[in-house]
Each structure stands twice: as structure tokens, then as C-alpha cells.
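Presented below is the structure to which this report refers.
The values are calculated or read from the model by the stated rules, or taken from the named source; none is laboratory data. Note that the structure is a prediction, hence the values are computed from the model and not measured. For neighbour counting, all protein chains shown are included, and Cβ atoms are generated from backbone atoms with ideal geometry for every residue, glycine included. Just so you know, the surface numbers come from the protein's heavy atoms only, side chains and all, with ligands and any DNA or RNA stripped out. Shrake-Rupley method; radii C 1.70, N 1.55, O 1.52, S 1.80 Å.
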Amino acid sequence: MEFLVEEESAAEALKPLLAKIFKGERIRTAIRQFQGKPDLLKKLPQRLQGYAAARKRGEDIRVVVLVDLDMDDCIDLKRKLDAVAEKCGLVTRAKCGEEGGFHVLNRIAIRELESWYFGDWAAVRSAFPKVTQDVPRAYKVNPDLVSGKCSDAFEKILRMNGVRISSKPEWGRRIGPRLSLEGNKSQSFNAFVSGVREIGRTP
């Protein structure tokens, strides 16, 4: 199973997360990181065409694309991602038939990957013990609903608590292994986990 992500930070966070999701299962995963969202979106058609060709040769390749929403419209972005896959002849989650088989799962972190961290504050506290016990009030119920740049807010909170690490990949390396598969307040995180489980089981 191939995972296409925008950048190194997402790759670092996903490595341990995928190990948890597929624990005990014989599913091989590979994470392909790009140089940001524009780079991923630019190269996505060619990459998916390659996967489609491999499937025609009989290879059982499944693909998960993960991008940040940023300031895009969620429905429009999802529609565009699905359209690229379908144009390459791949079946998306949205278009799967009654038998439920699909090859491509497009998932969007709303608004950024850091929303997933806010959604599991215990993981953040375990990675950075200096941070306050309680998640900031704005992110308490559903961090996906908070507007603005989530990564900036996350870095600001770390600094306020004496943590001088501004490297997103380092955040991913430290927090990723600690993210729980259950109970995250970010709905986009939960949609990612359930979707990955589903594409892993799809015929």
C-alpha cells in the first residue's frame, strides 16, 4: 500500500501510526513524501498513472493520498483528488461499487496535520512533558473546526511552555508514535484511520 504525503513531517507521523493500524497484518506499506502540497498535486497524475499500469499487470497496489486542507475548500479539493484518480482508471472510495472494492483513498487533514496533535493532547504531553495539562480551549471539542494556521498555533503553544522545537518533522517523530488510534478529537484523523483500515480490507 502506497501513501503519498506532502512532506517529511507527515511521513514521520505516519510511520508509527501505520504500524499500529496494520499490526499483525501482512500488509506492506511505503510512504512517498513530496516537497509540499503543490508538488504532490502536480506530480499526482503521473504517479497514479504508474499505479494504474501496475494494477493492469496484476499487481495489487492500493493508494492513500493525504494532504492538508489549508485554505482550500474541502469538498472541492476532495472532488479534484478523486477526479485525478478516476481519470487514471483507478476506483476511489467515493466511487466504489456494491462489492466495496476501491484502489484509491483520498484523505484531507483539516486544516493541517497539527490538528491531529491537538486532538490527542495526551500524546503531545507525552512527547513534550513541559506543555500544560489541558489542551487549549479552542481545540478542546473538535480541533478541525478552528480557523487559522494550526501549525503556527501549535508552535506558539510549545514556545509558551518552554519547548523551543519548531521543526515539523521533529514534531512528527516525537508525537507520531504516541498518537492513539482511538479517542482523537480530530474528525479528520478518525476518518483517515477508518479509511485506511477499510482500504486494507477491501477486496
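Output the residues belonging to the stretch 5-22 that are open to solvent by 10 Å² or more (accessible area, probe 1.4 Å), in contact (Cβ under 8 Å) with a residue 24 or more places away in the chain and out of contact with any Leu (no Cβ under 8 Å at 6 or more places or on another chain).
Glu7, Glu8, Glu12, Lys15, Phe22
Do we have any residue at all in the stretch 149-172 that's hydrophobic (A, V, I, L, M, F, W, C) and touching a residue at least 60 places away in the same chain (Cβ under 8 Å)?
yes
Within the stretch 178-203, can you find the residues that are over 16 Å from the mean Cα position of the chain (by Cα) and open to solvent by 60 Å² or more (accessible area, probe 1.4 Å)?
Once the filter is applied, which keeps residues that are over 16 Å from the mean Cα position of the chain (by Cα) and open to solvent by 60 Å² or more (accessible area, probe 1.4 Å), the stretch 178-203 yields Gly183, Arg201, Pro203.
Are any residues in the stretch 164-192 out of contact with any Pro (no Cβ under 7 Å at 6 or more places or on another chain) and small (Gly, Ala, Ser), and if so, which ones?
Ser166, Ser167, Gly172, Ser180, Gly183, Ser188, Ala191 - these are the residues of the stretch 164-192 that are out of contact with any Pro (no Cβ under 7 Å at 6 or more places or on another chain) and small (Gly, Ala, Ser).
Output yes when any residue across the stretch 49-62 is outside any helix (DSSP H, G or I), at pLDDT 95 or above and touching a His at 6+ places or on another chain (Cβ under 6 Å), and no when none is.
yes
From the set of residues in the stretch 30-86 that are farther than 21 Å from Gly101 by Cβ and among the β-branched types (Val, Ile, Thr), which is nearest to the chain's Cα centre (by Cα)?
Val67
Criterion first (crowded, with 18+ Cβ neighbours inside 10 Å and either small (Gly, Ala, Ser) or part of a strand (DSSP E or B) (or both)) does Ala94 satisfy it?
It is false that Ala94 is crowded, with 18+ Cβ neighbours inside 10 Å and either small (Gly, Ala, Ser) or part of a strand (DSSP E or B) (or both).
What number goes with the only condition from (1) hydrophobic (A, V, I, L, M, F, W, C); (2) within 13 Å of the chain's Cα centre (by Cα); (3) within 14 Å of Phe3 (Cα to Cα) that Phe22 does not pass?
For Phe22, the exception is condition (2).
Has the stretch 57-65 got any residue that is within 30 Å of Val135 (Cα to Cα) and open to solvent by less than 20 Å² (accessible area, probe 1.4 Å)?
yes
Kindly provide the set of residues from the stretch 135-177 that are assigned to a loop (DSSP other than H, G, I, E, B), open to solvent by less than 70 Å² (accessible area, probe 1.4 Å) and either β-branched (Val, Ile, Thr) or at negative phi (or both), ordered by number.
Val135, Pro136, Asn142, Val146, Asn161, Val163, Ile165, Ser166, Ser167, listed by residue number.
Considering only the stretch 121-134, state which residues are free of Cβ contacts under 8 Å to residues at least 40 places away in the same chain and either within 26 Å of Gln33 (Cβ to Cβ) or surrounded by 14 or more Cβ atoms within 10 Å (Cβ to Cβ) (or both).
Trp121, Arg125, Val131
What pairs can you find where one residue is in the stretch 27-45 and over 14 Å from Lys80 (Cβ atoms) and surrounded by 13 or more Cβ atoms within 10 Å (Cβ to Cβ), the other is at pLDDT 95 or above and of a type in the set (Phe, Trp, Tyr), and their Cβ atoms are less than 6 Å apart, with a gap of 6+ or different chains?
Going by the 6 Å Cβ cut-off, the qualifying pairs are Ile31/Phe3.
Using the structure shown, decide if Leu81 is over 14 Å from Ser186 (Cβ atoms), at pLDDT 95 or above and not in a strand (DSSP E or B).
When the stated conditions are applied, Leu81 passes them.
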